[in-house]
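In what follows, a structure is listed as structure tokens, so that the remarks can point back to it.
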Amino acid sequence: MLIGGIQTLTLLDFPGKVATTIFTAGCNFRCGYCHNPELVLPELIKKNRHDFIPEEKFFNFLKSRENFLDGVAITGGEPTMQPDLVEFIAKIKEMGFLVKLDTNGTNPQMLKEIISRDLVDYFAMDIKFPLEIYDKITNVQIPAKIFQESIDLIRNSGADYEFRTTVIAEYHTPEIIEKIAKSVQGCRRYTLQNFRPDYTLDKKFAGFHGLTESKMQELQKIAEKYVEEVKVIG
Ligand code: SF4
């Protein structure tokens, strides 16, 4: 496991739980708005590698927090890029912690294994754009059926879950949000997260915008036609 960072305490990353968050290094997307380029771009990963956290150190830390933490949120980068992720999660579960996994949905095979072993308690999957034009955001071409498979696996996993979209004024029109919401129609929870134009993988995105509160509410209403609970963040 390449553990690029750790946030030792979070009340936000794992809904309803006191957790620690780990950030894995490596991602197969190149979203221009990404706030973690040092966990995505190979040249930055290589440069920072000596600062990564050894697994043993992470597990020792976790042991020392047994009485304080409910769980571990695993985010990235893209965690399913780590070939040993499944066994890593199994080890966390054996210690008695809950696990939340963030994913971009490009590795349904690994999700299948995780679900069959009942290793994750909460999934959060990004739905960045309508599935058929996904590469406009991610800059990588992946067939829509891969995302659809991950969506279906997560929805039917028996674990708690949410789908979520980072909303950028220049990209996410009401029509786009309606298309995305339709692709997760009937799901339990969908989160619209407002874009913050600060440190971004593609510098051009630093000049893009989040939405006003009223525009976010407008998108929320549209998504509520398709999804049980729509949360707005930011
Ligand atoms: S936003 Fe997420 S999926 Fe996109 S490049 Fe960054 S880490 Fe990867």
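Computed from the coordinates by the stated procedures, all read-outs in this text should not be read as laboratory data. Here the structure is a predicted model, which is why all the values come from computation and not from measurement. Methodologically, a virtual Cβ is constructed for each residue, glycine included, from the backbone with ideal geometry; neighbour enumeration extends over all protein chains shown.
Among the trypsin sites (Lys or Arg not before Pro) within the stretch 14-120, those in coil by DSSP and having at most 13 neighbouring Cβ atoms inside 10 Å are 117.
Computed per residue of the chain from DSSP H runs no shorter than four, each worth -39500 (n - 2.57), the mean residue ellipticity at 222 nm is -9000 deg cm²/dmol. For the stretch 161-234, the direction-averaged projected area of the alpha-carbon convex hull comes to 4.8 nm². Helix 55-64 and the longest principal axis of the Cα set of the chain meet at an angle near 80°. Across the cross-link table entries 17/112; 93/203; 57/145; 57/100; 47/215; 91/182, which are compared at the Cα atoms, the separations over 31 Å belong to 93/203; 57/145; 47/215; 91/182. Spacing of the modelled spin labels on residue 218 and residue 156, each 7 Å from Cα toward Cβ, amounts to 3.8 nm. The alpha carbon centroids of the stretch 17-60 and the stretch 83-158 are separated by 17 Å.
Using the Cβ-Cβ distance between residue 209 and residue 94 with R0 set to 41 Å, the FRET efficiency from 1/(1 + (r/R0)^6) comes to roughly 0.35. Loop-located chymotrypsin sites (Phe, Trp or Tyr not before Pro) in the stretch 66-142 (DSSP state other than H, G, I, E, B) with a sparse environment of at most 13 neighbouring Cβ atoms within 10 Å: 68. What base-10 log of the normalised intensity I(q)/I(0) is obtained for the chain from the Debye formula, alpha carbons as equal point scatterers, at q = 0.07, 0.16 Å⁻¹? Here the Debye-derived log intensity ratios amount to -0.22, -1.21.
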